[in-house]
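The values are calculated or read from the model by the stated rules, or taken from the named source; none is laboratory data. Please read all numbers here as calculations on a predicted model, not as lab measurements. A quick note on method: Cβ atoms are made from the backbone with ideal geometry, for glycine too, and the neighbour counts reach across all protein chains shown. With ligands, DNA and RNA removed, areas are computed over all heavy atoms of the protein, side chains included. Shrake-Rupley method; radii C 1.70, N 1.55, O 1.52, S 1.80 Å.
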Amino acid sequence: MIQLKKKRGLEEISASSMSDIAFLLLVFFMVTAVFFVKEGLNIQLPRKNSNPTLILRENIYEILVAGDTVKMRNKALGNRDYKDLKEFRKDLNDIEIPNIDEKVALIKTTGETKYGNMLDALSAVQLRGFKQVSVKRLK
């Protein structure tokens, strides 16, 4: 008689511990990874008990951001209207502003102003060199 050998089936590798290994790798890479934190707005707020400072009207540059339009008003410059923020940014860089460290930029926004437009105006003012910036929301 001939005896036939039974074929052995392929042994399977248990996959039950794969989720444990994946979890451990995930924790390892999260702990060892370096996360870059993007810096937000660099704003210095006044101290709690500080007295308000008086500023001459000619040292204030009022910037009204309403929707997509921008209006800039200054006693020396007069009123200027802009259709968009790119035009405002370009003109702001071209304006001769003597003693810019002593000047104050007052950014006023309305309820219809997009947050991104207000931030664009704020960054344009800070890039231009204004050290003192105030932001106010109009009702």
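Of the candidates T53, T113, T69, which one comes out as most mobile in a Gaussian network treatment of the chain with C-alpha springs shorter than 10 Å?
Fluctuation is largest for T53.
What does the charge dipole of region 57-137 about its Cα centre add up to, to the nearest 20 debye, if the Cβ of each Lys and Arg holds +1 and the Cβ of each Asp and Glu holds -1?
Taking the Cα centre of region 57-137 as origin, the dipole is about 220 debye.
Just need the relative contact order of the chain here, percent rounded to a whole number, with Cα pairs under 8 Å and 6+ apart.
20
When the chain is modelled as a GNM with alpha-carbon springs shorter than 10 Å, which of I107, I21, I95 fluctuates the most?
For the chain, modelled as a Gaussian network with Cα springs under 10 Å, the answer is I21.
Write out the trypsin sites (Lys or Arg not before Pro) in region 12-115 meeting two conditions: DSSP loop, and at most 10 other Cβ atoms within 10 Å of their Cβ.
Listed in order of number, the matching sites are K38, R47, K48, K83.
With axes computed from alpha carbons, what is the tilt in degrees of helix 115-128 against the longest principal axis of the chain, rounded to the nearest 10 within 0 to 90?
So the inclination is approximately 60 degrees.
How far is helix 85-94 tilted off the main Cα axis of the chain, in degrees rounded to 10, range 0 to 90?
On a 0 to 90 degree scale, this one is about 50.
Please compute the alpha carbon radius of gyration of region 57-137, then divide it by the globular-protein estimate 2.2 N^0.38 Å. Two decimals is fine.
In units of the globular-protein estimate, region 57-137 measures up at 0.97.
Which of the lysines could be linked to K83 by a straight reach, that is with a Cα gap under 19 Å, when you skip same-chain ones fewer than 8 residues away?
Result set, ordered by chain and number: K71, K108, K114.
When the chain is treated as a GNM, springs tying every alpha-carbon pair under 10 Å, which of L54, L85, L64 comes out with the largest mean-square fluctuation?
Highest fluctuation among the options: L54.
Residue by residue through region 7-17, what is 3J(HN,Hα) from phi via Karplus (6.51 cos²θ - 1.76 cosθ + 1.60, θ = phi - 60°)? Round to whole Hz and write x for glycine and proline.
Working through the residues one at a time gives 6, 7, x, 5, 6, 8, 8, 5, 9, 5, 8 Hz.
With θ set to phi - 60° and the Karplus curve 6.51 cos²θ - 1.76 cosθ + 1.60, what are the ³J(HN,Hα) couplings of region 46-58 in order, to the nearest whole Hz, using x for Gly and Pro?
Whole-Hz 3J(HN,Hα) from phi for region 46-58: x, 5, 4, 9, 7, 7, x, 9, 8, 10, 5, 4, 6.
Let me spell out the model: positive unit charges on the Cβ of Lys and Arg, negative unit charges on the Cβ of Asp and Glu, origin at the Cα centre of region 1-93. What dipole size does that give, in debye rounded to 20?
100
Just for the Cα atoms in the chain, what are the lengths along the principal axes, largest first, rounded to whole Å?
That works out to 116, 40, 31 Å along the principal axes.
With a 1.4 Å probe and every protein chain left in place, work out the accessible area per residue of the chain in Å², rounded to a whole number.
On a per-residue basis, 87 Å².
Using DSSP loop states and a limit of at most 15 other Cβ atoms within 10 Å to flag chymotrypsin sites (Phe, Trp or Tyr not before Pro), what is the longest stretch of the chain containing no flagged site?
37-139
Roughly how much of V135 is accessible, in Å² to the nearest 10, using a 1.4 Å probe?
Around 80 Å² of this residue is reachable by solvent.
I need the phi-derived Karplus couplings for region 63-74: 6.51 cos²θ - 1.76 cosθ + 1.60, θ = phi - 60°, integer Hz, Gly and Pro marked x.
Working through the residues one at a time gives 10, 9, 10, 10, x, 9, 9, 10, 10, 10, 10, 8 Hz.
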